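Colleague: A single structure is presented below for examination.
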């Protein structure tokens with residue numbers, strides 16, 4: 001755009017704007033002209049691209065690559081890696097005669113990295129011109145199991161066994177009875193709870209299994225059922241005529 005004071009302005013410089021520009025000038029009614037030619041060079045490089053695994057798992061090291069191509073009149077670039085605001089790595093590379101420049105960061109993800117941005121910033125070695133690309137981290141980790149239940153109960157009493165699994169993605173929770181079929185009087189719920197009224201046959205080892213795409217975790221408990229039963233005591237008197245037979249039942 002040419003302004004009123006004969007200034008040529010470029011609001012958004014493009015590669016195709018590179019070239020020679022000539023200014024012709026003359027004063028008043030004079031026919032004498034003077035001109036000045038300048039050469040404009042446009043410095044440019046492409047938007048950086050991140051290449052990384054689709055799933056990041058806690059404590060499993062992985063390589064993340066940041067690459068840039070399509071350089072124009074850029075001799076050198078500085079590549080910086082950030083986790084949030086923390087600088088992880090700095091690298092300087094020459095770009096002369098290079099169709100592509102890349103740098104690789106080895107990252108060992110931690111669960112508290114979830115929600116933080118991993119950023120690759122590429123800065124050209126002129127006028128501090130920079131471009132960057134970011135990726136919001138989502139770290140997967142294996143589940144841990146925690147069982148909350150009383151290890152014993154009285155027959156015919158209500159029982160609640162609870163299992164919780166901490167993991168990402170959120171694990172599925174399943175209850176099993178080791179070595180035996182699941183008892184019909186105990187009910188498994190989707191939230192990880194088991195409820196029901198105890199029977200003496202419920203005694204045994206129960207196992208909670210938490211699973212997600214990373215791994216599975218197991219924890220078991222032994223359930224003891226105290227018997228609520230009756231015992232008969234017989235007291236028998238003389239068998240002569242008029243004798244009686246007495247039966248006593250005691251609740252134990």
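Colleague: When a footprinting reagent is the concern and you count Cβ atoms within 10 Å, what order do 224, 174, 16 take, fewest first?
Modeller: The fewest-first ordering by Cβ neighbours comes to 16, 224, 174.
Colleague: Arrange 141, 82, 135 by Cβ neighbour counts within 10 Å, fewest through most, would you?
Modeller: Result, fewest neighbours first: 135, 82, 141.
Colleague: While we're on this one: Provide Rg and Dmax in Å for region 49-137, with only Cα atoms included in the calculation.
Modeller: When restricted to Cα atoms, region 49-137 yields Rg and Dmax of 13.7, 42 Å.
Colleague: Find the percent of Cα-Cα distances in region 142-226 that exceed 20 Å, and round it to a whole number.
Modeller: For region 142-226, the fraction of Cα-Cα distances above 20 Å is 30 percent.
Colleague: Sticking with this structure for a sec: How much length is gained on full extension from residue 215 to residue 35, taking 0.36 nm per residue of separation minus their Cα-Cα distance?
Modeller: 57.3 nm
Colleague: Right, something else. Provide Rg over Rh for region 105-163; use the alpha carbon set for both Rg and the Kirkwood Rh (inverse mean inverse pair distance).
Modeller: 1.48
Colleague: Fewest to most neighbouring Cβ within 10 Å: what's the order for 187, 199, 113?
Modeller: The most exposed by this proxy come first: 187, 199, 113.
Colleague: Could you give the length gained on full extension between residue 114 and residue 24, defined as 0.36 nm per residue of separation minus the Cα-Cα distance, in nm?
Modeller: 26.4 nm
Colleague: Once the mean 1/r over all distinct Cα pairs of region 94-199 is inverted, what Kirkwood radius in angstroms do you read off?
Modeller: By the Kirkwood definition, the hydrodynamic radius is 19.2 Å.
Each reported figure results from applying straightforward, stated rules to the coordinates on display, with no laboratory input. In this text the structure is predicted, and so the values were computed from the model without any measurement. Please note: Cβ atoms are built from the backbone with ideal geometry, for glycine as well, and neighbour counts cover all protein chains shown.
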